[in-house]
1. Among the residues of region 74-102, which ones are among the small types (Gly, Ala, Ser), more than 24 Å from SER178 (Cβ to Cβ) and in a helix (DSSP H, G or I)?
2. Restricting region 147-200 to residues that are of a type in the set (Gly, Ala, Ser) and over 21 Å from the mean Cα position of the chain (by Cα), which is farthest from GLU136 (Cα to Cα)?
3. Which one of these is buried (at least 21 other Cβ atoms within 10 Å of the Cβ) and either assigned to a helix (DSSP H, G or I) or among the β-branched types (Val, Ile, Thr) (or both): ALA158, ALA120?
4. Do you know which residues across region 82-117 are open to solvent by less than 30 Å² (accessible area, probe 1.4 Å) and over 16 Å from the mean Cα position of the chain (by Cα)?
Amino acid sequence: MTTLAQRKRQLVATELTEAALQLLALRGFDAVTVDEIATTAGVSKRTFFRYFASKEDVVVQFLVGMGADMRAGLAARPAGERPSEALLHTVSVPLAACGEHAERALPVVRLILRTPALLARFLEHQARWREELTEELAARLGRDPGTDLYPRLAAGMALAAFDAVLHRWSEGGDAEASEDPAALIEEAFAVLAPSLDVIA
């Protein structure tokens, strides 16, 4: 059960995020100030900094939970499933969500991939995701990630495919004309699966 204060806090955070994404997608990262984001959301600059340390944090905040969701998704896969299938399902979830909400997600993905400060933050998150998936995959397979290269290699391959799909998707046309990221990750894993499963 969430309290009224928690619901109010979440509402303000959501409004700040939406205001920021609309402005940044429209005008570009460097052209938008924190003052403008706060004004658009109907709050003070001081309130903005209660929720976010910087405007970069507003854009990438949704990435924080993505790694945890991927790890949880991998942990929930059937124990006997081939590594390629388990990893495909793991990275497909966020990509399917992007495809289902392409009008909102595509501008954000493009913003992150084309803005050096945001891309650096995104890569930091990917490094954490790789460690989390490595640990989870090692536990599933009964392997020691400290002495066995396979869990880290497999996690890295899955995230390389995830990254390649995001880049391909972001380079297409508008949301309606762009390729389906869920279909693209299937295509990528058709290439990776033989190596993932033979090594395992």
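The values are calculated or read from the model by the stated rules, or taken from the named source; none is laboratory data. Treat the numbers as computed from the prediction; the structure is a model and nothing was measured. For neighbour counting, all protein chains shown are included, and Cβ atoms are generated from backbone atoms with ideal geometry for every residue, glycine included. Heads up: the accessible areas ignore ligands, DNA and RNA and are worked out on the full protein's heavy atoms, side chains in. Shrake-Rupley method; radii C 1.70, N 1.55, O 1.52, S 1.80 Å.
1. ALA75, SER84, ALA86, listed by residue number.
2. Selected residue: ALA177.
3. ALA158
4. PRO83, SER84, ALA86
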